[in-house]
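J.: Got a structure for you, written out below as structure tokens; questions coming shortly.
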Amino acid sequence: MYQSGDDIPSKIEKNIFESSISELKKKTFVTAADIERYGDNGVTEEYTKAYRQSLEDPEGFWAEVGHELHWTKPWDRVLDDTNRPFTKWWVGGEMSVCYNAVDRHVAAGRGEQVALVHDSPMTDTVRRITYTELQNQVSRLAGKLMDLGVSRGCRVLIYMPLIPEAIVAMLATNRIGAIHSVVFGGFAARELRTRIEHAQPTVIIAASCGVEPNKIVRYKDILDEALCQSSQQPRCCIIYQRRRVLECQMEKGRDICWEEALEAEPVSCVSVEANEPLYILYTSGTTDDPKGIQRPCGHAATLCWTMHAVYGLRKGVWWSASDLGWVVGHSYICYGPLLAGLTSVLYEGKPDRTPDPGQYFRIIEQHRVNALFTIPTAFRVLKRIDPNAKHARRYCCKSLRTVFIAGEHCDQDTRNWAERILNVPVLNHWWQTETGSPVTAACLGYNVKSVPPHSAGYPVPGYDVRALREDGTECQLGEVGRLVLKLPLPPGFASTLWQADERFKKVYFESYPGYYDTQDAGWVSSDGAVWVVARADDVINVAGHRLSTAALEDVVLKHARVADAVVVGAPDPTKGDVPLCLYVMRPPQDDEEIVAESTVTQELIALVRHLIGPIAAFRKAVAVPALPRTRSGKALRGAIAKLARSQLVKLPATIEDATIFGEIKIALQRCGYAIDAPDPELTC
């Protein structure tokens, strides 16, 4: 029943026990030939030269990158590393991120080029905004913010859905030297309140509502509730009314409508020093103790450079299928593509339900997308709903050159499916909210166009990636350890946590002095490729053997009838932990026969035993209607593992559908877990 795919090259990742390459060679299920396949996979002399320079001569390398932007005052020195980990880049240099993202392109005669495409099947609208139109709106909103008392260093909180006005608000805030903090629309009043109290914004910019497939999210009502509870009050709120969807009530004396704000006189850009804050981005699940990533303005140069160095685009149409409330939205919906003078697509919809599984392919054809950045879950959803890609065949995707995936592990079958349907490379890469841009990738700009199977690519210039043991000693090549980044970190990395320097040092740099702790587990090969196998917390210790949940999931997803799956560690009196798999069965297509859950479960157990071995102790799997994921697509493995242990689970406000946990609890109880588990609580 299962589809074997390319079993041999995937074994090296699947058997990620706490062993070195020399020890792996001794195991019967990994051969020397397997390991040798991970030699030279496309590393070019051009990449090697740039990477070496970035580590050996960082000042020379990043000085060249800095010249990607227009500076109103040249820097005094490229690097100041005297106060680690608070490294500063382009010290003393001044520029405006907004000018470089908007005005610079208008001044260069490209004002009529489309800057933003907003495609919303939710509202049946497509809007195109040129760089000239964007400049006009941004400069006028910036003028209104100045009239309201916003100045350099002040904070502006933005609570809006994925609409062009959110980007206008971000750029307008930066235009006058202020700091924006975008809050994801999925957060409820309580979490919004904590961010308001922590950031202390002078002005809040919000929309009347957001649109989901089955509901309208009343943003303004949530904002009103948050402000009623908050000890911090803004001077005023600027509200964008989505008149075709829902209009909201305005608070007299506090709320100003968007159209009125745009009647203000336009203002010019304010330049700031490269190490001043560009924005604050709060990580999810920080209600009780907000953790706001502070990003320096110099990040703009790194983003502009990555658009061609990593993603291979100097012109054309770029689509990042994310949300502005997450770091991907900040870096690669707003700033990165605009700084590089590209056209950025904003898609307000889902891969499958708005209205059908053909929307990704429609957007590629209609807007002539050249490169797509998305999460593996999007392709998993499409593969589950439309495995034969009947909807995809209605559209022509010849404009597409490359697809980039990140954010979670991608099983090889899903990646192969996407490559076959789109007929372009699907390249994995790895980065985090804290890094702000990729740590590892293929680096198309240096002609590295492929990466070893299952890997996250090669280190992007500037990043010295190591794998360390718990005692801080360096792992041998191929040995699984804690992935860390050697200091100094390149420009654009988080400069600190907002109002929490000591916490910044403790959380990220205390465990491994001299390194940033990614809190991911993985290993590095002899040619420098990096494998990210799991979050450190997701490594299961089975009788002393360390297994990655991602590696086990990769095997499970090879089964032809499995559409989605997660593996967590469940308690076992003998082995400590054992793998427990929850999977979603794919509905039968056309004339396919119906297969019983018990049959699929037994085949999964046999499949894992065949590809990984009995050492995995994989004996429990159960089908569920759906898996709990956040709106950004990440599976809530930790919540499932806690529920299996009958512990209280507090679900994040960003969960896509909290009701799924009722079915999951029943499924866990069928396996002998969660017997006394209380029902999960939703953070609100």
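The values are calculated or read from the model by the stated rules, or taken from the named source; none is laboratory data. Keep in mind that what you see is a predicted model, and the values were worked out from it rather than measured. Here the Cβ positions follow ideal geometry from the backbone for every residue, glycine too, while neighbour counts run over all protein chains shown. Note: areas computed on protein heavy atoms with side chains; ligands, DNA, RNA excluded. Shrake-Rupley method; radii C 1.70, N 1.55, O 1.52, S 1.80 Å.
J.: If you restrict to DSSP beta bridges whose two residues both lie in the chain, what percentage is antiparallel, to the nearest 5?
T.: 60 percent
J.: Of all the accessible heavy-atom surface of the chain, with the other protein chains kept in place and a 1.4 Å probe, what percent is carbon and sulfur?
T.: Accessible surface attributable to carbon and sulfur in the chain totals 46 percent.
J.: Here is a further query. Report relative contact order for the chain in percent, whole number only (criteria: Cα-Cα under 8 Å, sequence separation at least 6).
T.: Dividing the mean separation by the residue count of the chain yields 14 percent.
J.: In debye, nearest 20: dipole of the chain around its Cα centre with unit charges on the Cβ of K, R (+) and D, E (-)? Could you put the intermediate results ahead of the total?
T.: On the way: 77 positive and 84 negative charges, 142 e Å.
Here the chain has a charge dipole of around 680 debye.
J.: Ok, one more. Please list 3J(HN,Hα) in residue order for region 406-416, calculated via the Karplus relation 6.51 cos²θ - 1.76 cosθ + 1.60 where θ = phi - 60°; whole Hz, with x for glycine and proline.
T.: 6, x, 6, 5, 10, 5, 5, 5, 5, 4, 4
J.: A follow-up question, please. Quick one: Karplus J couplings for region 518-524, per residue in order, coefficients 6.51, -1.76, 1.60, θ = phi - 60°, nearest Hz, x for Gly and Pro?
T.: Residue by residue, region 518-524 yields 6, 6, 10, 9, x, 8, 10 Hz.
J.: What distance in nm separates the two pseudo spin-label positions at Asp527 and Asp356, each 7 Å out from Cα along the beta-carbon direction?
T.: Going by the 7 Å Cα→Cβ label model, 4.3 nm.
J.: How big is the dipole moment of region 265-346 about its Cα centre under a simple scheme where the beta carbon of each Lys and Arg is +1, that of each Asp and Glu is -1, and everything else is neutral? Debye, nearest 20, please.
T.: Around 420 debye, computed over region 265-346.
J.: Give me the 1.4 Å probe accessible area per residue for the chain, excluding ligands and nucleic acids, in Å².
T.: I get 37 Å² per residue for the chain.
J.: Taking a point 7 angstrom from the Cα of Asn214 along the C-beta vector, which residues in region 619-637 have backbone N less than 20 Å away?
T.: 624-636, by backbone N distance to the label point.
J.: What lysines sit close enough to Lys88 to cross-link, taking a C-alpha to C-alpha distance under 17 Å and skipping anything fewer than 8 places away on the same chain?
T.: By straight Cα distance, Lys88 reaches Lys73, Lys486, Lys505.
J.: Dimensions of region 57-165 along principal axes (Cα, Å, largest first)?
T.: Principal-axis extents of the Cα atoms in region 57-165, largest first: 53, 33, 27 Å.
J.: Also, quick follow-up: Can you show me the helix-derived [θ] at 222 nm for the chain, built from DSSP H runs with n ≥ 4 at -39,500 (n - 2.57) apiece and divided by the number of residues, rounded to the nearest 500.
T.: -8000 deg cm²/dmol
J.: Moving on to the next point. Would you tell me the accessible area of Asp289, worked out with a 1.4 angstrom probe on the heavy atoms of the protein chains, in Å² to the nearest 10?
T.: 90 Å²
J.: If you don't mind, there's one more thing I want to ask. Can you give the extra length, in nm with one decimal, that the chain gains between Glu260 and Ala108 once fully stretched, where that is 0.36 nm per residue apart less the Cα-Cα distance?
T.: Residue separation times 0.36 nm, minus the Cα-Cα distance, leaves 51.7 nm.
J.: Rounded, prolate or oblate: pick one for region 543-665, where a ≥ b ≥ c are the square roots of the eigenvalues of its C-alpha gyration tensor, a/c under 1.5 means rounded, and failing that, prolate if a/b is larger than b/c, else oblate.
T.: Values: a/c = 1.86, a/b = 1.04, b/c = 1.78.
It is oblate, given that a/c is not under 1.5 and a/b is not larger than b/c.
J.: Along the Cα→Cβ direction, 7 angstrom out, place labels at Ser598 and Glu45. What is the inter-label distance in nm?
T.: For the pair Ser598/Glu45, the computed spacing is 6.5 nm.
J.: Quick one: which of Lys383/Lys449; Lys215/Lys383; Lys215/Lys398 span more than 27 angstrom between C-alpha atoms?
T.: Lys215/Lys398
J.: Students often get this wrong, so try it: which of (1) 166; (2) 322; (3) 148 is volume of the Cα convex hull per residue in Å³ as calculated from the structure shown?
T.: (3)
J.: Which entries of Lys291/Lys350; Lys350/Lys558; Lys620/Lys650; Lys558/Lys620; Lys350/Lys642 show an alpha-carbon separation above 21 angstrom in the structure shown?
T.: Lys291/Lys350; Lys350/Lys558; Lys620/Lys650; Lys350/Lys642
J.: Still on this structure, I have one more. So for the chain, taking the charge dipole from beta-carbon charges (+1 Lys/Arg, -1 Asp/Glu), which of His610, Val562, Thr283 sits furthest toward the positive end?
T.: Sorting the options by dipole projection puts first Val562.
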